[in-house]
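Encoded as structure tokens, the structure appears first; notes follow it.
Derivation of every value follows stated rules applied to the coordinates shown; laboratory data play no part. Note that the structure is predicted; figures quoted are calculated from it, not measured. Cβ coordinates were reconstructed from backbone atoms using ideal geometry, including for glycine residues, and neighbour counts include every protein chain displayed.
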Amino acid sequence: MKINNAVIYFFGALGGLLFGYDTGVISGAILYIKKSLGLTSMTEGIVVSSILVGAMIGAAFSGKLSDKYGRRKNVMVAAAIFCIGAIGTAFAPDTVVLILFRIVLGIAVGCASALVPLYLSEMAPANIRGALSSLNQLMIVTGILIAYIINYIFAPIEGWRWMLGLALIPGIILLIGMLFLPESPRWLLKQHREQEARKVLNHLRKGVGVEEELAEIRKTNSEENGGWKTLKEKWIRPALIVGIGLAIFQQIIGCNTVIYYAPTTITKVGLGNSAALLGTIGIGVLNVVVTILAVWLMDKVGRKKLLLIGSIGMAVCLFALGLLTKFGGGSSATGYITLICLAAYIVFFAATWGPVVWVMLGEIFPLSVRGLGIGISGVANWAANLIVSLTFPSLLDQFGNMLFVVYGVMGILSFIFGSIYVTETKGRSLEEIELDLKKRVPSQLAEKGKQHII
Ligand code: BGC
């Protein structure tokens, strides 16, 4: 069957929508779950964060498995787990079952977070790879927005089971869609399935430049599938540092504290509950709109520049948020400036660190360990997310809004990290990026007799 390229990229990115929906839906659903299942503040925390624990497990396994069994098959497994998780959480009779199925859902979210950027980056042509890979983030934020809207619709009937269960629909769509999608040509070539790889590339590139691209992939394809041992090799270390560093900084600059707790901040500045609810949806919309802009910017401005601009922009907003409430008193002007800071923070995050991190994770690792490398970075991202989410409420109690100054300092550190370690990937093929890594430490490769591939 001939499938349109747009359809391929749409379904390739769809896993991101489930990632966004399942992480976003709990903010509204938890209010009613608390009442219905009689949660304590401890079990409430566990219900909310169990998905992050599952995501760490999912990211840890899916990367390596996708190096072995292929990107596409693993996305299908993730889609099936999404469906099981949606049904399980919707029908959970008690808190324990709910937590168990939230972990199951998390496994699927973790898989999607590693597999979608991997699949998209390996399917896309170099000149628009940034745009196509950032469709993942566009799906994530769309999923979050849909979750907010569903929460809003089902709030009057306290329908938390509907909120959680409706994730089944995109889960089934993803599962069916993936049945018809091709496997990544790069992975196929790695498995020495050259005819199939050629067929997929011919379809994706409409026959243009296919032999050149195949030849280029072959140049980096002389190594066997690598494992942990390969990942520890010196020439891969720069990629690992960038991958793990970007993954952790994305979380410790506080993105989810701002996204999850925006309603609380809005009520604190005296704007009332309905404003808070609308504010949440407003933030969801802003996140989507700016991400669309980011899709466009990615291959024009470049990843590194976006990261650096984002770090500074977010740091300024965070410092302002922290210091305003300390020195600004309780005036209505302070309230509005707080709102502006929140919105500006979201704009900076959505245009830069939100999409760029997942795009770059799909680009920086060599083919032989690409799945494994992105999986490990994914684990780091979810672990950092878990730590920040668990500590935020008590830290906020202790330090008040001055806490945002601490996240601001992380923003400055992320700028320094980005300027020192990140190398631009815009417009370069995945193979050029890999060869560049090899060129940096030729001596070690020479020792291993691999010099010929440079
Ligand atoms: C981050 C998530 C965040 C989402 C929302 C993603 O890139 O990894 O932690 O919730 O963006 O914008």
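With the convex hull built on the Cα atoms of the stretch 1-82, state its orientation-averaged projected area in nm².
Here the figure is 7.1 nm², rounded to one decimal.
Which parts of the stretch 352-393 would a label at L293 reach, counting a residue when its backbone N lies under 12 Å from a point 7 Å out along Cα-to-Cβ?
Backbone N within reach: 352.
Given the Cα-Cα distance of Q191 and K219 and 0.36 nm per residue of separation, how much length would full extension add, in nm?
So the chain would gain 8.6 nm between Q191 and K219.
Order 116-124, 394-402 from most to least packed using the mean count of other Cβ atoms within 10 Å.
Per-residue Cβ counts within 10 Å, averaged per peptide and sorted highest first, yield 116-124, 394-402.
Could you tell me the relative contact order of the chain? Use alpha-carbon pairs under 8 Å, at least six residues apart, and round to a whole percent.
Value for the chain: 25 percent.
Just subtract the alpha-carbon distance of S36 and V316 from 0.36 nm times their residue separation and send over the number in nm, one decimal.
96.7 nm
Determine, for C83, C317, C255, the number of other Cβ atoms within 10 Å of each Cβ, and report the residues in order from fewest to most.
Ranking C83, C317, C255 by Cβ neighbours within 10 Å, fewest first, gives C83, C255, C317.
Could you rank the peptides 422-429, 304-311, 360-367 by their average count of other C-beta atoms within 10 Å per residue, with the highest value first?
In descending order of packing, they fall as 360-367, 304-311, 422-429.
Going by average Cβ neighbours within 10 Å, how do the peptides 61-67, 29-35, 46-52 rank, with the highest at the top?
The most tightly packed comes first, giving 61-67, 46-52, 29-35.
If neighbour count is taken as other Cβ atoms inside 10 Å, put W187, W353, W358 in order from fewest to most.
Ascending number of Cβ neighbours within 10 Å: W187, W353, W358.
Take the Cβ-Cβ distance between V97 and K73 as r, set R0 to 35 Å, and report the resulting FRET efficiency rounded to the nearest 0.05.
0.75
Using only C-alpha positions, report the orientation-averaged shadow area of the convex hull of the chain, nm², one decimal.
20.7
Considering every pair of different Cα atoms, what Kirkwood radius, in Å, is found for the stretch 284-417?
In the stretch 284-417 this quantity evaluates to 16.3 Å.
When Lys and Arg each count +1 and Asp and Glu each count -1, what net charge do the other residues less than 10 Å away from R186, Cβ to Cβ, add up to?
Around R186, the charge tally is -1.
Per residue of the stretch 113-124, in order, report the coupling 6.51 cos²θ - 1.76 cosθ + 1.60 (Karplus, θ = phi - 60°) as ³J(HN,Hα) in whole Hz, putting x for Gly and Pro.
With coefficients 6.51, -1.76 and 1.60, one gets 4, 8, 7, 5, x, 5, 4, 5, 5, 7, 8, 7 Hz.
Putting +1 on Lys and Arg Cβ atoms and -1 on Asp and Glu Cβ atoms, find which of W187, L18, S121 reaches farthest to the positive end of the dipole of the chain.
W187
Answer with one residue from I57, I169, F154: the one whose Cα lies farthest towards the positive end of the charge dipole of the stretch 53-184, charges on Cβ with Lys, Arg +1 and Asp, Glu -1.
Farthest towards the positive end: I57.
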